[in-house]
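Colleague: Would you mind keeping the following structure in view while I ask a few things?
The values are calculated or read from the model by the stated rules, or taken from the named source; none is laboratory data. This structure is a prediction, so every number in the text was calculated from the model and none was measured. Note that each Cβ is placed from the backbone with ideal geometry, even for glycine, and that neighbours are counted across all protein chains shown.
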Amino acid sequence: MRKLSVIVSALLLLAACSPQVYPLYLDVRKPSASGLDLSRKSMSLVYMDGYNKVDSLFDRHTASALARSLEEDYFGGEPVIGLFHIPSADSVSLEKMHTLVMETEGDVIFVLSSHLNMPADTTGAMIVPLKTHLSVYDSMGEDKVFGYDGNTLLEMEGMKSLGGQADEIGGRIAKRFLSDWKTESFSFYYFDGFSDDWTDALSLAGQGKMGKAMDIWMEQVKKGSIIKKACAAYNMAMGFYLLEDTHMSAYWLEYADKLEELSLSAGLHQRLEQK
């Protein structure tokens with residue numbers, strides 16, 4: 001019995017020293033319905049003015065509403081998207097987009113142009129045809145100007161409802177460019193039986209507090225056995241991947257690979273290659 005007890009104890013110790021795999025199910029940002037991936041990119045909104053004061057006013061309100069929707073989705077509501085205006089033109093060339101990237105310092109440029117076919121009498125209820133054209137250029141993607149056209153009828157109660165109608169149109173335009181979110185499984189390593197650090201880090205990651213979880217894994221990289229350092233480095237790589245920092249994710253994954261060959265590494269390598 002004593003020999004059996006020693007064997008069981010040894011097996012338990014071995015199990016405790018072995019990394020365990022824990023899957024976390026998290027919502028992940030995917031490219032928008034437009035096909036453009038706007039995450040981790042700065043944006044600028046430009047509206048045209050000059051031909052018609054009503055059109056210019058409408059576009060300014062619409063651009064502001066579009067900016068607010070994009071800020072809510074990509075920047076946590078922070079007012080970081082610049083609003084600019086340029087003289088009206090029939091189209092926006094690729095060369096002009098290159099210039100706007102330099103002038104506005106935005107990675108992604110939206111240029112909005114609308115035309116309201118206003119009736120002669122604007123004092124009462126009216127149905128107003130609206131044509132809208134949006135040009136979009138992603139300087140970090142394909143070197144191409146994407147164009148989107150829209151036609152609709154606005155039910156307006158005099159000019160006083162112009163701003164509200166523009167806000168609604170801006171929100172409708174934004175839907176095409178908002179993130180698509182999907183639930184995916186992401187696996188992390190942990191060790192059981194030594195301290196609460198590993199499970200605490202998983203709990204923080206599950207709460208969306210990835211930065212605090214990574215602080216714990218960073219400490220684990222500095223101490224312990226090679227396998228523990230490798231697992232902590234892999235967790236760091238996965239954490240940076242979820243924070244959409246592919247450069248740092250690749251760095252930590254390479255560091256983990258140098259320490260130990262881990263079974264989960266291949267899956268993360270594949271995810272990074274698909275970015």
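Colleague: Suppose we filter 185, 203, 161, 225 for residues that are closer than 29 Å to residue 42 by Cα, out of contact with any Cys (no Cβ under 6 Å at 6 or more places or on another chain) and of a type in the set (S, T, N, Q); which single one remains?
Modeller: On the way: 203 fails: closer than 29 Å to residue 42 by Cα; 161 fails: closer than 29 Å to residue 42 by Cα; 225 fails: closer than 29 Å to residue 42 by Cα.
Going through 185, 203, 161, 225 in turn, the sole match is 185.
Colleague: Just one of 241, 251 is among the hydroxyl-bearing types (Ser, Thr, Tyr) and touching a residue at least 24 places away in the same chain (Cβ under 8 Å); which is it? Outline the logic, then answer.
Modeller: Numbers: 251 fails: touching a residue at least 24 places away in the same chain (Cβ under 8 Å).
After applying the criteria, what remains is 241.
Colleague: Can you report the number of residues in the stretch 117-137 which are part of a strand (DSSP E or B) and either without any contact (Cβ under 8 Å) to a residue 24 or more places away in the chain or over 28 Å from residue 99 (Cα atoms) (or both)?
Modeller: Of all residues in the stretch 117-137, those part of a strand (DSSP E or B) come to 125-137.
Within this subset, residues satisfying the condition of being either without any contact (Cβ under 8 Å) to a residue 24 or more places away in the chain or over 28 Å from residue 99 (Cα atoms) (or both) are 125-131, 133.
Of the residues in that region, 8 qualify.
Colleague: Quick check on the stretch 15-44: of everything there that is part of a loop (DSSP other than H, G, I, E, B) and more than 16 Å from the chain's Cα centre (by Cα), which residue is nearest to residue 202 (Cα to Cα)? Give the derivation first.
Modeller: Keep residues of the stretch 15-44 that are part of a loop (DSSP other than H, G, I, E, B), which gives 18-19, 31-42.
Filter once more, keeping what is more than 16 Å from the chain's Cα centre (by Cα): 18-19.
Details: 18: 17, 19: 14 Å.
Filtering first and then ranking leaves 19.
Colleague: Moving to a separate point now. Would you pick out the residues in the stretch 64-99 that are buried (at least 17 other Cβ atoms within 10 Å of the Cβ), under 22 Å from the mean Cα position of the chain (by Cα) and at pLDDT below 95?
Modeller: Answer for the stretch 64-99, where residues must be buried (at least 17 other Cβ atoms within 10 Å of the Cβ), under 22 Å from the mean Cα position of the chain (by Cα) and at pLDDT below 95: 73, 74.
Colleague: For the stretch 138-170, which residues satisfy the criterion of being over 34 Å from the mean Cα position of the chain (by Cα), surrounded by 11 or more Cβ atoms within 10 Å (Cβ to Cβ) and either part of a strand (DSSP E or B) or not assigned by TED's automatic domain parsing to the domain that holds residue 72 (or both)?
Modeller: Step one: list which residues in the stretch 138-170 are over 34 Å from the mean Cα position of the chain (by Cα), which gives 155-160.
Among the residues that remain, those that are also surrounded by 11 or more Cβ atoms within 10 Å (Cβ to Cβ) are: 156-159.
Within the stretch 138-170, 156, 157 meet the criteria.
Colleague: Still on this structure, please answer the following. Here is a list of conditions, (1) part of a helix (DSSP H, G or I); (2) surrounded by fewer than 20 Cβ atoms within 10 Å (Cβ to Cβ); (3) touching a residue at least 24 places away in the same chain (Cβ under 8 Å), and residue 266 meets all of them except one; can you say which number that is?
Modeller: The number of the failed condition is (3).
Colleague: In the stretch 191-235, which residues are touching an Asp or Glu at 6+ places or on another chain (Cβ under 7 Å) and either among the β-branched types (Val, Ile, Thr) or part of a loop (DSSP other than H, G, I, E, B) (or both)?
Modeller: The answer is 216, 226, 227.
Colleague: I would also like to ask the following. Do you know which residues across the stretch 36-81 are closer than 21 Å to residue 242 by Cβ, of a type in the set (A, V, I, L, M, F, W, C), touching a Ser or Thr at 6+ places or on another chain (Cβ under 7 Å) and assigned by TED's automatic domain parsing to the domain that holds residue 102?
Modeller: none
Colleague: Same structure again: Among the residues of the stretch 212-227, what is the count of those that are in contact (Cβ under 8 Å) with a residue 60 or more places away in the chain and not small (Gly, Ala, Ser)? Reasoning before the result, please.
Modeller: First pass over the stretch 212-227, keeping only residues in contact (Cβ under 8 Å) with a residue 60 or more places away in the chain: 225, 227.
Okay, now just the ones that are also not small (Gly, Ala, Ser), so 227.
Number satisfying all stated conditions: 1.
Colleague: Taking the stretch 167-213 as the region of interest, how many residues are closer than 19 Å to residue 249 by Cα and touching a Ser or Thr at 6+ places or on another chain (Cβ under 7 Å)? Break it down into steps so the answer makes sense when it comes.
Modeller: First pass over the stretch 167-213, keeping only residues closer than 19 Å to residue 249 by Cα: 184-190, 201-202, 204-206, 208-213.
Next, only the ones that are touching a Ser or Thr at 6+ places or on another chain (Cβ under 7 Å) stay: 190.
The total comes to 1.
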